[in-house]
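Read the structure below first, then the notes.
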Amino acid sequence: MQHVELITTAILLGWVAVVIMLERFFPYRKGLPFFREGFWTDLVLYTFVQSFLLKIIIFDYLILPLDQRFEFSKLHLVTGWPVWVQVLFFLITHDFYIYWFHRWQHHNPVLWRTHEAHHSGKQVDWLAGSRSHAVEILINQTIEFAPIILLGADPVVVPIKALIDAVWGIYIHANIDVRSGRLQYFFNGPEMHLWHHADHKEVFHANFSTKFAFWDWLFGTAYLPGHKPLKWGLYYDFPKDYFLQHVFSVKRFDERGLRRRYPALRRYLLALPLLGRRVRSFVKPRRAAAPPVPAAANSSKAAV
Ligand SMILES: [Zn+2]
Ligand SMILES: [Zn+2]
């Protein structure tokens, strides 16, 4: 089992490297910086810390006690199926569920509070999909992994399914100019999902599919015009900090007012970008200083 997790992790890291390269060579939006706004929040807090903690809660404190109490997995309802059939079965059934739950989140004001964080990034890229409210992950991953364990699936189905989720999640958010033609009716990709993150009214209630685009085409929510969006993210102000994003989902507040009222919060919010800049300058090699430009050259440029 441990070697399966090693293999899936290696595949995931390889996929991240490929997607980052493709983003550089075939960008959907040109000029999107690698260390874009919210990069460290998404990588450190959402991808590593939140995922790690929620994984423990979901598996050890929700699914396992449920199985110990009712012993569903001992019925071995899907145990005899070939592993690939099990994976396909859970892939399609969960994707069908997530289409409808996602659609509900966009229509229900309370559920929207668990989903708006996912739409808050204005620079959507391979990492943007990781920004999901803790409650959203708690609901969706419990509903995703509980049936796999309770129906007695092969233990490798969990890491395989988790890998497919991560690979596809990275792909649909990637800033890659994919043109998949007729395949777009079947497999979801950046073409439709980058539109889903657009700050354009016409797509606020469209493109809910995650992996299989046919749900959108089947249920009349597909939106794929021949041009690209002009802006992304939410049309209203949304906090940039992980913790404030979660507080904001429970109680709306004015971030500027809070900063004024609580100096400690102001210091904390100022320290974060500073830390990000420090790490960025450490990671990025310093560019050599540009040679001085003669005054004459400068004035001729200004005249053009
Ligand atoms: Zn959405
Ligand atoms: Zn998304």
In nm, the gap between the two label points placed 7 Å beyond Cα toward Cβ at residue 110 and residue 10 is 4.7
Tell me which residues come under 5 Å, amide H to amide H, from residue 187 once H is placed; ignore anything under 5 positions away on its chain.
213
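Under the definition of Cα pairs under 8 Å and six or more residues apart, what whole-number percent is the relative contact order of the chain?
Working: 309 pairs, mean separation 65.7, N = 304.
So the answer I get is 22 percent.
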Taking 0.36 nm per intervening residue step and subtracting the Cα-Cα distance, what contour gain separates residue 281 from residue 17 on full extension?
93.0 nm
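Sort 157, 16, 49 by Cβ crowding within 10 Å, fewest neighbours at the top. Kindly include the intermediate steps, with their values, before the conclusion.
Details: 157 22, 16 15, 49 12.
Taking fewest neighbouring Cβ atoms as first place, the list is 49, 16, 157.
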Tell me, what HN-Hα J-couplings in whole Hz come from the Karplus equation 6.51 cos²θ - 1.76 cosθ + 1.60 at θ = phi - 60° for each residue of the range 176-193, using x for Gly and Pro?
10, 7, 7, 10, 9, x, 5, 4, 4, 5, 10, 9, 7, x, x, 3, 9, 6
What ³J(HN,Hα) values, in whole Hz, does the Karplus curve 6.51 cos²θ - 1.76 cosθ + 1.60 give for the range 50-56 when θ = phi - 60°, with x put for Gly and Pro?
4, 4, 4, 5, 5, 4, 5
With N residues in the range 1-102, what two-decimal value do you get for its Cα radius of gyration over 2.2 N^0.38 Å?
1.46
Relative to the present Cα-Cα distance, how much length would full extension add between residue 205 and residue 154 at 0.36 nm per residue of separation?
14.7 nm
If N is the residue count of the range 2-252, its Cα Rg over 2.2 N^0.38 Å rounds to 1.01
Label model pair residue 25, residue 267: point-to-point distance (7 angstrom along the Cα→beta-carbon line) in nm is 4.9
Given H placed on each backbone N at 1.01 Å, which residues far from residue 176 in sequence or on other chains put an amide H within less than 5 Å of it?
28
The extension gain from residue 3 to residue 143, computed as 0.36 nm times the residue separation minus the Cα-Cα distance, is 47.8 nm
Collect residues whose amide H, placed 1.01 Å from N in the peptide plane, falls under 5 Å from the amide H of residue 207; neighbours closer than 5 in sequence don't count.
222, 223
Cβ crowding within 10 Å averaged over residues, with 183-195, 253-265 ranked highest first:
183-195, 253-265
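Every number in this text was worked out from the coordinates using simple rules, so none of it is lab data. Not measured: the values here are computed from a predicted model. Using ideal geometry, Cβ is built from the backbone for each residue, glycine included, and neighbour counts are taken over all protein chains shown.
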